[in-house]
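Nothing in this text is a laboratory measurement; each read-out follows from the coordinates by a stated rule. Treat the numbers as computed from the prediction; the structure is a model and nothing was measured. Here Cβ is always computed from backbone atoms with ideal geometry, including for glycine, and neighbour counts include all displayed protein chains.
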Amino acid sequence: MDGKNRKDIYPGLEVDVILKKDQRSGKRTRGIVANLLTSAPYHSRGIKVRLEDGQVGRVAEIVDEI
């Protein structure tokens with residue numbers, strides 16, 4: 001599932017994100033959502049989240065629902 005709808009994403013969810021520095025290459029980083037930073041219900045490039053390790057990126061894919 002992609003990460004474009006805010007209702008599908010919540011803290012504790014395992015996701016793949018694309019960090020700002022990796023936007024050109026498309027490299028994904030896996031992590032657990034700590035909190036959501038996008039307030040809109042939908043974003044075409046993915047909902048922006050902060051991972052538990054402090055990194056910030058847009059959700060490319062939801063890996064697994066915990």
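Using alpha-carbon pairs under 8 Å, 6+ residues apart, how would you state the relative contact order of the stretch 6-64 in percent?
Relative contact order comes out at 40 percent.
Within the stretch 10-66, report the trypsin sites (Lys or Arg not before Pro) that DSSP leaves as loop and that have at most 14 other Cβ atoms within 10 Å. Sparse-neighbourhood loop trypsin sites (Lys or Arg not before Pro): Arg24, Lys27, Arg45.
Each Lys and Arg Cβ is given +1 and each Asp and Glu Cβ -1; about its Cα centre, the stretch 6-64 then shows a dipole of about 400 debye.
Once backbone amide H atoms are built at 1.01 Å from N, Thr38 has Lys48 as its partners under 5 Å, excluding neighbours fewer than 5 places away on the same chain.
Subtracting the Cα-Cα distance of Ser44 and Arg24 from 0.36 nm times their residue separation leaves 5.5 nm of extension gain. Evaluated at q = 0.15, 0.24 Å⁻¹, a Debye calculation over the C-alpha positions of the stretch 6-64 (equal weights, vacuum) places log10 I(q)/I(0) at -0.34, -0.90. In the elastic network of the chain, a GNM with C-alpha springs shorter than 10 Å, the most mobile of Gly31, Gly46, Gly12 is Gly12. The simple spin-label model puts a point 7 Å past each Cα toward its Cβ; for Ile32 and Met1 those points are separated by 1.9 nm.
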